[in-house]
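What follows is a set of notes on a single structure, which appears directly below.
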Amino acid sequence: MVVVDGPRADPAPIRVGLSTTCSYPESTTAAFEIAARLGYDGVEVLVWTDPVSQDGAALQRLVDHFAVPVLSVHAPTLLLTQRTWGRGDPWGKLERSAELAASLGAGTVVVHPPFRWQREYASGFVAGVQRLEERTGVVLAVENMFPWRARGREVVAYAPGWDPADVGYRHLTLDYSHAATSGQDCLQLTRAFGERLAHVHLCDGSGSVKDEHLVPGEGAQPVAAALAELVRSGFGGTVVAEVNTRRARGRAAREELLARTLEFARTHLAPARVTR
């Protein structure tokens, strides 16, 4: 006979954030406004050329004004953000990103693996990320990427590679669109990453060589099943919408895409009801 001391507390709901990339070509400020209007739990700030994204005080004013917290910071480690905070010193960019996150109460920094031409940075990346986590208390979650393809050939762009699964990172970010572009399955990756999975970029992809960042449910990835697996496994991180809305014709159309994304997330992240 099983003795139950009392009703078990339901697990805390998984927070769903909005990446500031979702408001592009609008500003970082627009992302906070959209997140507040639609009911997202917070935002992920991509540090890029928008001065507000680089300024902790300006971001804190947005947090206070819209009552929307910063849940995570995306370091300027994309190819398109290489000049943000200077063209050199990638370690300095990671340190500034961690400091920015800590100042805003965000517990996670999303990081891309080094490019292969960043040889010195790449050679000490795994150990360096671990040291920075220990020093700042901020989780640095390395993101899965995908092979670059040109004229039918794959280009080696990342070191040690685009797939972080077999590298000794403590914490990982799983991007569903990147999974599609690399020919992988986001549900299988969720299980393979296991307890190292700290952060999720919610989107979808058809399997095209292009990194599509579709609204979840519009591609070929098993996104609903992957979200349900997060609930089943007791995932303690954050799910952040990272959907491409660049072709949306105005704010209303952009918000409609992002409202659908949030509804999808809430539906498939809802804990299963247990009848007693």
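The values are calculated or read from the model by the stated rules, or taken from the named source; none is laboratory data. Only a predicted model underlies this, so the values are computations on that prediction, with no experimental measurement involved. Every residue, glycine as well, gets a Cβ built from its backbone with ideal geometry; the counts of neighbours run over all protein chains shown. Ligands, DNA and RNA are stripped out before the accessible areas are found, and what is left, the full protein with its side chains, is counted by its heavy atoms. Shrake-Rupley method; radii C 1.70, N 1.55, O 1.52, S 1.80 Å.
A few comments on the model shown:
- Each of Lys210, Lys93 has its accessible area taken with a 1.4 Å probe; listed largest first, they run Lys210, Lys93.
- What separates the Cα centres of segment 163-223 and segment 51-128 is a distance of 21 Å.
- Under the convention that each Lys and Arg Cβ holds +1 and each Asp and Glu Cβ holds -1, the size of the dipole of segment 90-211 around its Cα centre is about 340 debye.
- Ranking by accessible area, most exposed first, for Glu263, Glu95 with a 1.4 Å probe: Glu263, Glu95
- Residue-wise HN-Hα couplings along segment 98-107, as the Karplus relation 6.51 cos²θ - 1.76 cosθ + 1.60 with θ = phi - 60° gives them from phi, are 5, 5, 4, 4, 4, 5, 9, x, 8, x Hz; Gly and Pro carry x.
- Stretchable slack from Asp55 to Ala259, in nm (0.36 nm times residue separation minus alpha-carbon distance): 70.7 nm
- Of all accessible heavy-atom area on the chain, the percent that carbon and sulfur account for (1.4 Å): 51
- Choice from Gly17, Gly107, Gly39 showing the highest fluctuation, given a GNM over the chain with Cα pairs closer than 10 Å: Gly39
- Accessible surface calculations at 1.4 Å, restricted to protein heavy atoms, place the chain at 50 Å² per residue.
- Couplings 3J(HN,Hα) of segment 47-60, computed from phi: 6, 8, 6, 4, x, 4, 5, 9, 10, x, 5, 5, 5, 5 Hz, in residue order, whole Hz [Karplus 6.51 cos²θ - 1.76 cosθ + 1.60, θ = phi - 60°; x for Gly and Pro].
- Cα-based shape type of segment 1-148, given that a ≥ b ≥ c are square roots of the gyration tensor eigenvalues and the cut on a/c is 1.5: oblate
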